[in-house]
Amino acid sequence: MNIDIIKQAEEFVRTELGEDATGHDWFHVDRVRQNALFIYNKERTGNPFIIELAALLHDIPDEKLNESAAKGEEKLESFLQSLPLDTVAKNAIKDIIDSISFKGGQTDELPSIEAKIVQDADRLDAIGAIGIARAFAYGGKKGQQIYHPAIQVREVMTREEYRKGKSTSINHFYEKLLKLTSLLNTETARKMAESRQKIVITFLDQFFQEWNGTHNENAHS
Ligand code: ADP
Ligand code: NI
């Protein structure tokens, strides 16, 4: 029966997010599910069915992908109501999804080990080569520049500023992506993050060398 619920959730997410171009498409969701199950298999803690279902549904109520936060909540709620799940499981899923968003860096205590694992899985997909690709996809879609030297990296920001303020995709690496590794909850995710963090740092280093024209000099020396 759980397998049927997973299949239904896959179907629902494909329909809702399939071709999103802000980095939240079906393939993002599928990677988060795979990362989450990988972490579960290493850590052997939490309920794998809850982890998988929450991972599949984690972007459904996202405010950015819906007309409003309330509409997003409704969408998740009505899908959960259609499933043959008990109230405890439904509430667990909702609590996980509600708690894991980054929202400018506020670090609320997460409600469960399942939430910690799904949050780690989602964060891993925002760093590494995929994370780099997603940042520029998101930035382009939002009409944000790749980089502008006059736009400062914001050190502290409210949730509203994080969403609405003017920034660049390169600044986003400093405002969020480079901070994610130290915010991970599980040892397994921290290991998985190592090579991802490295490639982001290498990428930024070369980006600025090319931007400043020092890359060519280095290549000749
Ligand atoms: P969260 O909901 O956890 O804050 P998002 O859903 O906003 O994360 O992020 C989805 C993807 O888009 C991530 O890979 C993230 O790095 C990227 N992204 C989010 N905001 C920006 C931004 N201002 N500039 C570039 N990329 C961004
Ligand atoms: Ni996500």
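The values are calculated or read from the model by the stated rules, or taken from the named source; none is laboratory data. Note that the structure is a prediction, hence the values are computed from the model and not measured. Note: ideal-geometry Cβ built from the backbone for every residue, glycine included; neighbour counts use all protein chains shown. The area values use the complete protein model at the heavy-atom level, side chains included, leaving out ligands, DNA and RNA. Shrake-Rupley method; radii C 1.70, N 1.55, O 1.52, S 1.80 Å.
Results, tabulated for the structure shown:
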quantity: Spatial extent of the chain: Rg and Dmax, with the Cα atoms as the point set, Å; calculated: 18.5, 67
quantity: Contour excess over end-to-end distance, with Cα ends at Ala133 and Phe49 and 0.36 nm allotted per residue; calculated: 27.3 nm
quantity: Sequence ranges 189-202, 122-135, ranked by mean other-Cβ count within 10 angstrom, highest first; calculated: 122-135, 189-202
quantity: Range of Cα positions in the range 1-56 per principal axis (Å), largest first; calculated: 34, 25, 10
quantity: Full-stretch length increase - Arg31, Ala150 - with 0.36 nm per residue and alpha-carbon distance subtracted; calculated: 39.3 nm
quantity: Simple spin-label estimate for Thr214 and Leu65 in nanometres, 7 Å along Cα-Cβ; calculated: 4.0 nm
quantity: Prolate/oblate/rounded label for the range 1-122 (Cα gyration tensor, a/c 1.5); calculated: rounded
quantity: Heavy-atom accessible area ranking, 1.4 Å probe, most first, across Arg163, Arg154, Arg44; calculated: Arg44, Arg163, Arg154
quantity: Carbon and sulfur %, accessible surface of the chain computed with the full protein complex present, 1.4 Å; calculated: 51 percent
quantity: The chain: relative contact order in percent, alpha carbon pairs under 8 Å with at least 6 residues between; calculated: 20 percent
quantity: Kirkwood-based shape ratio for the range 82-203, expressed as Rg/Rh from alpha carbons; calculated: 1.02
quantity: Value at 222 nm in deg cm²/dmol, rounded to 500, when DSSP H runs of n ≥ 4 in the chain each add -39,500 (n - 2.57); calculated: -20500 deg cm²/dmol
quantity: Per residue solvent-accessible surface (Å²) - the chain, probe of 1.4 Å; calculated: 53 Å²
